[in-house]
Amino acid sequence: MSRLDDLTAKIEARTARIGVVGLGYVGLPLALEFAKVGFRVTGFDLDAEKVRILNEGRSYVEDVASEDLAAMREAGRLEATTDFGTLSATDVINVCVPTPLTKTKDPDVSHMVRAVEDIRRRLRSGHLVILGSTTYPGTTHDLFVPLLQEAGLECGVDFAVAFAPERIDPANKKWKVREVPKVVGGETPLCTRLGVKVFEAIFDHVVPVSSTQSAEMVKLLENTFRAINIGLVNEVALMCNRLGLDVWEVIDAAATKPYGFMKFQPGPGLGGHCIPVDPTYLAWKMRSLNFSARFIETATEINGHMPEYVATTVGDLLNEDRIAVNGARVLILGVAYKPDVSDVRESPALDIIQLLEAKGAEIHYHDPHVPELRIDPRTLKSEELSDECLAQADVVVIVTDHPGVDYARVVAGANRVYDTRNATRHVTDGREKIRKL
Ligand SMILES: NC(=O)c1ccc[n+]([C@@H]2O[C@H](COP(=O)([O-])OP(=O)(O)OC[C@H]3O[C@@H](n4cnc5c(N)ncnc54)[C@H](O)[C@@H]3O)[C@@H](O)[C@H]2O)c1
């Protein structure tokens with residue numbers, strides 16, 4: 001009898017030990033959820049600083065409260081380590097490491113490969129390995145299962161493998177982690193059953209699919225759907241600009257239709273770890289099968305062009321005021337990739353800043369969540385949103401619509417405002433200064 005047969009009972013009794021490899025925006029909340037329902041959880045990360053902070057019961061992820069972490073630490077249910085040797089003591093291992101793009105925009109699965117190699121060295125009979133990092137269909141089956149089997153054990157017999165995509169949405173206060181259904185697909189029916197079993201402990205609803213490839217594709221469909229629809233509304237924004245129409249008014253009115261329309265917002269470009277990256281994983285995989293993912297390519301082109309459109313429009317606004325971009329003082333309001341987060345990965349603000357600086361603009365920024373912004377070779381510092389700061393700027397560009405900012409005050413104090421997010425929709429005074437995307 002395989003030790004996999006014991007795993008169901010161990011999960012039910014909460015005696016199964018849970019490992020989470022990669023303690024970032026995805027891994028840390030997951031680790032906490034498992035600890036909260038009574039499992040003993042060990043988090044693994046290469047970053048010794050994160051491990052140290054966690055073991056002090058402090059959080060570095062906005063959506064995870066330090067009090068919750070501290071309580072689980074005190075209860076002895078949550079610990080973090082850089083020592084991957086402890087993986088052998090776990091029963092279920094969740095992998096939540098980054099899956100970025102390389103400089104040439106190809107999938108970079110090197111973090112996953114490293115994590116899986118670390119697991120292989122400690123793999124034993126009875127282990128359930130669940131991959132959660134977003135990746136192209138076939139990664140689990142074609143790359144990771146063979147790698148794990150090099151340990152001399154058979155997948156589906158000695159150990160189990162499943163893929164379960166992450167749906168976490170940082171700063172989303174409406175949906176708690178456990179309320180968002182969890183999709184899971186195993187390498188074999190037994191692997192799926194075990195994956196379902198473990199996630200039933202922390203999610204209200206678990207959705208099994210027939211394979212790891214299918215589960216990988218679910219995530220890519222979800223995010224490709226978003227990227228393409230954002231590409232569509234961004235193109236509609238460009239159309240409305242040519243037509244002299246207010247795209248926000250058009251979208252809001254269209255969204256009153258109770259069926260057949262879903263509201264997406266235009267903006268200065270895509271940001272974050274998922275939406276700009278995931279469709280590229282799918283398009284890359286399809287190219288290897290001689291299939292061109294045309295919707296993805298079109299949306300990527302439109303969305304990728306938005307920062308340039310914003311920078312050009314800033315130049316046009318300054319021109320209207322008889323100011324050259326070269327030497328103009330530009331205040332960027334918000335540099336995080338979305339409201340209420342500190343994450344600047346792939347943020348369109350980075351491109352906009354670089355494009356304007358290349359034309360000689362003097363850039364300043366304010367972001368309540370991002371005190372410092374690294375733009376090689378230097379680091380910018382967030383400035384206080386004082387009356388002087390607003391008045392000194394030739395133009396204020398709203399790139400991220402953080403809710404804590406007083407936009408009426410921004411408009412009152414600024415000479416010009418370029419609002420790429422419709423953050424000033426409720427501002428009544430000084431509207432003549434505002435240009436919207
Ligand atoms: N952030 C999101 O909103 C989100 C949502 C859904 C899915 N995802 C996907 O989840 C995965 C993780 O994303 P994230 O945002 O949590 O990333 P992150 O960068 O916040 O965290 C990843 C963590 O993994 C650690 N790490 C890297 N390589 C490691 C290794 N070999 N062993 C152990 N630790 C390692 C890093 O130090 C870091 O702490 C990615 O595939 C991402 O696309 C992210």
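Let me make sure I get this right: for the stretch 1-127, a, b and c are the square roots of the gyration tensor eigenvalues over alpha carbons, sorted descending. Under 1.5 in a/c it's rounded, otherwise prolate if a/b > b/c, else oblate. Which is it? It comes out oblate by the Cα gyration axes. Centre-to-centre separation between the Cα atoms of the stretch 307-339 and those of the stretch 398-437: 14 Å. A straight line joining the Cα centroids of the stretch 250-297 and the stretch 111-127 runs 34 Å.
Taking the Cα centre of the chain as origin and assigning +1 to Lys and Arg Cβ atoms and -1 to Asp and Glu Cβ atoms, the resulting dipole is close to 740 debye. A Gaussian network model of the chain, with springs between Cα atoms under 10 Å, assigns the largest mean-square fluctuation among 330, 180, 92 to 180.
Taking every DSSP bridge with both residues inside the chain, close to 15 percent are antiparallel. When only the Cβ of Lys, Arg, Asp and Glu is charged (+1, +1, -1, -1), the dipole of the stretch 111-169 relative to its Cα centre reaches about 180 debye. Treating r as the C-beta distance of residue 305 and residue 246 and R0 as 35 Å, the FRET efficiency rounds to 0.95. Stretching residue 101 away from residue 174 to a fully extended chain increases their span by 23.3 nm, per 0.36 nm per residue minus the current alpha-carbon distance. Helical runs assigned H by DSSP (4 residues or longer) give the chain a calculated mean residue ellipticity at 222 nm of -12000 deg cm²/dmol, each run adding -39500 (n - 2.57) before division by the residue total.
Using the C-alpha atoms of the chain, what convex hull volume per residue, in cubic angstrom, is computed?
Spelled out: Cα convex hull of the chain, divided by residues, is 155 Å³.
Computed over neighbours whose Cβ is under 11 Å from that of residue 33, the net charge equals +3, Lys and Arg +1, Asp and Glu -1. Take 32-38, 343-349, 406-412 and order them by the average number of nearby Cβ atoms within 10 Å per residue, most first; the result is 343-349, 32-38, 406-412.
Electrostatic bookkeeping for residue 170 treats Lys and Arg as +1 and Asp and Glu as -1; over the other residues with beta carbon under 10 Å from its beta carbon, the sum is -4. Net length available on complete extension from residue 83 to residue 210 is 42.3 nm, with 0.36 nm assigned per residue and the Cα-Cα distance removed. Three principal axis extents describe the C-alpha atoms of the stretch 348-392; from largest down they are 27, 21, 18 Å. Farthest toward the dipole's positive end in the stretch 146-193, which of 175, 185, 152, given Cβ charges of +1 (Lys, Arg) and -1 (Asp, Glu) about the Cα centre? Farthest along the dipole direction, towards plus: 175. Between residue 295 and residue 55, the modelled labels are 4.8 nm apart [label points 7 Å from Cα along Cα→Cβ]. In the structure shown, do any of 176/381; 219/338; 338/436 have a Cα-Cα gap over 24 Å, and if so which? Long pairs (Cα-Cα over 24 Å): 176/381. Close amide H pairs (under 5 Å, H built 1.01 Å from N) link residue 159 with 126, 154, residues at least 5 positions away or on another chain. Look at the dipole of the stretch 2-63 built from charges on Cβ: of 13, 39, 23, the Cα furthest out on the positive end belongs to 13.
How large is the charge dipole for the stretch 147-262, taken about the Cα centre, if only the Cβ atoms of Lys, Arg (+1) and Asp, Glu (-1) carry charge, to the nearest 20 debye?
Computed charge dipole of the stretch 147-262: roughly 360 debye.
Of the residues 323, 270, 341, the one whose Cα sits farthest towards the positive end of the charge dipole of the stretch 267-363 is 270 (charges of +1 on Lys and Arg Cβ, -1 on Asp and Glu Cβ, taken about the Cα centre).
Between 0 and 90 degrees, the angle of helix 294-320 with respect to the longest Cα principal axis of the chain falls at about 30 degrees. Placing dummy labels 7 Å off each Cα toward the beta-carbon, the span from residue 362 to residue 262 is 4.6 nm.
Readers should treat all values here as calculations from the given coordinates under stated rules, not as data from a laboratory. Small disclaimer: the values here were computed from a predicted structure and weren't measured. Cβ coordinates were reconstructed from backbone atoms using ideal geometry, including for glycine residues, and neighbour counts include every protein chain displayed.
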